[in-house]
Amino acid sequence: MLTNKCNLPEPIYNFLKSDYQPKEKQYSVTTILNPTRQIILKRRYNNAIDQDCSDLIWTMLGTAFHLVLENSKAGDNQLQEEYLKQELSCLDDRLKGYYLSGKADLLDIKQKKIIDYKTTSSFKFIKKDFEDYRLQLLIYAWLFKKIGYEVNKGEIVAILRDWQRSKAKFDKSYPQLQVQTITFEFTDKDFEDIEIYIKNRFLEIKAYEDKPDNELPECTMEERWASPTIYAIKKIGNKKAMKLHENEKEAIDHLKNLNSKFGDIYEIEVRESCDGRCENYCSCNKYCKYYQEKYLDKGEK
């Protein structure tokens, strides 16, 4: 259910409100890129999950950006916002009746290239972590190949929503333009690998669809966007750490060495691990056993 705790204008609420209901045995390209536990819990509790308008503002801007492009005229030899759906018994007989679906932003037939538009953060481009983008484009390319189109490239056109001209001017490692493009080349081996990936994702989803919540596979540290526990060596009274350790013993040894030389003026500050996705970007987290035990049992219930 969509709430409006900040009392945002009704047009915003209505724009964000969705009556979408998941289709049985059908999963989208973007959905299968998520952890299996999240996929299943989100479907299982779809009608019970509460989200507030204020948490979806960036989603609204991204959707609005796509609507502008969707209503613009595509060029010659281009397919825009093409809906794709593929039955997956072609990959494995056990997947008969299961479907992969998606809507590609643009296919340039002449250039044999899939193009996808994104609104994202500058930080993603500073990190240069684009594997999720590559996988999404490759799956779209595979879907188009299944209906007879030749595709061997993918391109992301990204609008950096938080881009700052002042930072670009003084920091050459910062994205120099607010619009960034990334191009991927797809080989025959890439298409072989993505078929295995799609098949395995659907077989795992199928295996757990009817399992109880507590038997769903736990998300990996990478899927949770987990940061490790950090042991910070600090001078007592200072906020800034002089050294960060991921190993507690190394931190203790370091502290002993410092204090033996300079007296008892240093301490270890334990900065507990956190799960960025679990805490901030998973709408079904309150139905997840891991989240319940790690976060709700600490007083959030």
So Ala64 fits all but one of (1) touching a helix residue (DSSP H, G or I) at 6+ places or on another chain (Cβ under 9 Å); (2) of a type in the set (A, V, I, L, M); (3) farther than 16 Å from Tyr281 by Cα; (4) surrounded by 15 or more Cβ atoms within 10 Å (Cβ to Cβ); what number is the exception? (4)
Within the range 219-242, the residues that are farther than 30 Å from Cys284 by Cβ, in a strand (DSSP E or B) and either basic (Lys, Arg) or within 23 Å of the chain's Cα centre (by Cα) (or both) are Lys234, Lys235
Among the listed residues Ile12, Ile39, Ile32, which satisfies the condition of being surrounded by fewer than 17 Cβ atoms within 10 Å (Cβ to Cβ) and in the same structural domain as Ala64 (by TED's automatic domain parsing)? Ile12
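Does Asp116 qualify as being among the acidic types (Asp, Glu), in the same structural domain as Ile198 (by TED's automatic domain parsing) and part of a strand (DSSP E or B)?
Details: among the acidic types (Asp, Glu): yes; in the same structural domain as Ile198 (by TED's automatic domain parsing): yes; part of a strand (DSSP E or B): yes.
Taking the combined requirement at face value, the residue satisfies it.
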Can you tell me which residue among Asp92, Asp116 is in contact (Cβ under 8 Å) with a residue 24 or more places away in the chain, crowded, with 16+ Cβ neighbours inside 10 Å, more than 24 Å from the chain's Cα centre (by Cα) and closer than 30 Å to Glu24 by Cβ? Asp92
Does Thr183 count as among the hydroxyl-bearing types (Ser, Thr, Tyr) and out of contact with any helix residue (DSSP H, G or I) (no Cβ under 7 Å at 6 or more places or on another chain)? yes
For the range 192-218, the count of residues that are farther than 15 Å from Arg43 by Cα and assigned to a loop (DSSP other than H, G, I, E, B) equals 2
I'd like the full set of residues that are of a type in the set (Phe, Trp, Tyr) and assigned to a loop (DSSP other than H, G, I, E, B), limited to the range 97-113. Tyr98
If you go through the range 260-277 one residue at a time, do you hit one that is among the charged types (D, E, K, R), surrounded by 15 or more Cβ atoms within 10 Å (Cβ to Cβ), assigned to a helix (DSSP H, G or I) and modelled with pLDDT of 85 or more? yes
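Rundown of residues vs (1) out of contact with any strand residue (DSSP E or B) (no Cβ under 6 Å at 6 or more places or on another chain); (2) exposed (fewer than 14 other Cβ atoms within 10 Å of the Cβ); (3) of a type in the set (Lys, Arg), yes/no style:
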| position | (1), (2), (3) |
| --- | --- |
| Phe125 | no, no, no |
| Tyr133 | no, no, no |
| Leu138 | yes, no, no |
| Arg165 | yes, yes, yes |
| Ala168 | yes, no, no |
| Asp190 | yes, no, no |
| Ile196 | yes, yes, no |
Of the candidates Ile126, Ile156, the one satisfying the condition of being assigned to a strand (DSSP E or B) and either in contact with a Pro (Cβ under 8 Å, 6 or more places away or on another chain) or in the same structural domain as Val68 (by TED's automatic domain parsing) (or both) is Ile156
Keeping to the range 107-145, report how many residues are closer than 30 Å to Lys167 by Cβ and among the aliphatic types (A, V, I, L, M). 4
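The values are calculated or read from the model by the stated rules, or taken from the named source; none is laboratory data. Bear in mind the structure is a predicted one, so any value in this text is a computation, not a measurement. We place every Cβ from the backbone using ideal geometry, glycine too, and count neighbours over all the protein chains shown.
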